[in-house]
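Trainee: One structure, as structure tokens, below. Some questions next.
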């Protein structure tokens, strides 16, 4: 049995302890916060200060902090004591995305149903493409932060291993924000909260090429063993059709809140070139499902203030987006539903949970509108 010391006394530590696999035993606790400096025992087990921790016999020290920055501070403190970094396990990547990915992916395979349409993309469609409001039977793979490479990887796995599940697919809907060709999740901090996307296929792309990435992957694999229950799929089928009912009205007058992040205005030339090739391969792969398949690209709407504040960035990305789409082989017949370019549809602030994502009210309204457009312009 592996011996574990939990570092950090907080609610997250308590939650992790309850999830710990029976293959691991908590032999004690530690926390260098001054308020704990005189404590000798905690929960009837030894409490280790800096000196006693250096002499303790354990297999792993588990940092119990869900905040990445704070967790990194604890890592540095422990490393400065001379503790082997291979024995220090960070836990902040234990986020909702792990189970959400596994549930979504496993649902498609385990349901063993025939779907007429597939939806791939990011959090925009995750929140706002509510499948039960559509006339056709869609399955939604969309998850936060997904890039083109990941979408292609998932579809490639299904075509290679479960092609029979694709026999009835007539439509593929792609959630494509203007910045999609500038986006590679493995080059961003988001990968720390999306590890399950890549672990299933043991393919971490750029992240796995770096020394720090390799260390973190090793950390992640220990976590899978240590908290195996946390990595299992949820039992609820179609858990990806939920509502987010928050509103952003209280921030509506703060212009800085609406400022776009770097992905909207920084250019990553190598990423763009790679994604153009990946997109071409993705379209080819979709066409292999059925030569007559219909592909729709959806650009989701944002709140009016966001569009106003970032008008120049959006305009520049829009031009490049259409240039790439129009010059990609196989995209000649793609139907684009662009709700930024098409100003006919207006959604007020009560429809958004933040500057770029619908809440429940907006998602329901948008799904009905998109379904009507699909009836008129996409469906057979």
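Trainee: If I ask for residues that are over 14 Å from the mean Cα position of the chain (by Cα), part of a helix (DSSP H, G or I) and without any contact (Cβ under 8 Å) to a residue 60 or more places away in the chain, which ones from the range 128-159 would you list?
Mentor: Within the range 128-159, 153, 157, 158 meet the criteria.
Trainee: So residue 340 ticks every box in (1) within 23 Å of residue 183 (Cα to Cα); (2) assigned to a helix (DSSP H, G or I) but one. Which box is left unticked?
Mentor: (2)
Trainee: I need every pair where a residue in the range 160-171 that is under 14 Å from residue 138 (Cα atoms) has its Cβ under 6 Å from the Cβ of a residue that is in a helix (DSSP H, G or I), sequence separation at least 6 or different chains.
Mentor: 166/289; 169/289
Trainee: Still on this structure: Which residue out of 24, 12 is out of contact with any strand residue (DSSP E or B) (no Cβ under 9 Å at 6 or more places or on another chain), under 16 Å from residue 91 (Cα atoms), surrounded by 13 or more Cβ atoms within 10 Å (Cβ to Cβ) and touching a residue at least 60 places away in the same chain (Cβ under 8 Å)?
Mentor: Going through 24, 12 in turn, just one is out of contact with any strand residue (DSSP E or B) (no Cβ under 9 Å at 6 or more places or on another chain), under 16 Å from residue 91 (Cα atoms), surrounded by 13 or more Cβ atoms within 10 Å (Cβ to Cβ) and touching a residue at least 60 places away in the same chain (Cβ under 8 Å): 12.
Trainee: For the range 178-195, does any single residue satisfy the condition of being surrounded by fewer than 17 Cβ atoms within 10 Å (Cβ to Cβ) and closer than 14 Å to residue 154 by Cβ?
Mentor: Within the range 178-195, none of the residues are surrounded by fewer than 17 Cβ atoms within 10 Å (Cβ to Cβ) and closer than 14 Å to residue 154 by Cβ.
Trainee: Kindly list the number of the only condition in (1) closer than 17 Å to residue 279 by Cα; (2) modelled with pLDDT of 95 or more that fails for residue 186.
Mentor: (2)
Trainee: Right, next: Please return the ranges of helices (runs of 4 or more DSSP H) entirely within the range 170-229 where 3 or more residues are over 14 Å from the mean Cα position of the chain (by Cα).
Mentor: 205-209, 211-226
Trainee: Still on this structure, I have one more. Go through the residues of the range 312-334 one by one and say whether even a single one is part of a loop (DSSP other than H, G, I, E, B), in contact (Cβ under 8 Å) with a residue 24 or more places away in the chain and farther than 23 Å from residue 277 by Cα.
Mentor: No, there is no match, as no residue in the range 312-334 is part of a loop (DSSP other than H, G, I, E, B), in contact (Cβ under 8 Å) with a residue 24 or more places away in the chain and farther than 23 Å from residue 277 by Cα.
Trainee: With the condition kept exactly as written, say whether any residue in the range 347-363 is in contact with a strand residue (DSSP E or B) (Cβ under 9 Å, 6 or more places away or on another chain), surrounded by fewer than 16 Cβ atoms within 10 Å (Cβ to Cβ), in a loop (DSSP other than H, G, I, E, B) and in contact (Cβ under 8 Å) with a residue 12 or more places away in the chain.
Mentor: Checking the range 347-363: not a single residue is in contact with a strand residue (DSSP E or B) (Cβ under 9 Å, 6 or more places away or on another chain), surrounded by fewer than 16 Cβ atoms within 10 Å (Cβ to Cβ), in a loop (DSSP other than H, G, I, E, B) and in contact (Cβ under 8 Å) with a residue 12 or more places away in the chain.
So that you can scan it fast, the table gives a plain yes or no per residue for (1) at pLDDT 90 or above; (2) more than 20 Å from residue 105 (Cβ to Cβ):
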| site | (1), (2) |
| --- | --- |
| 199 | no, no |
| 212 | no, yes |
| 218 | yes, yes |
| 229 | no, no |
| 233 | no, no |
| 240 | no, no |
| 246 | no, yes |
| 257 | no, yes |
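The values are calculated or read from the model by the stated rules, or taken from the named source; none is laboratory data. Just so you know, these numbers come straight off a predicted model, no measurement behind them. Cβ: placed from backbone, ideal geometry, glycine included. Neighbour counts: every protein chain shown.
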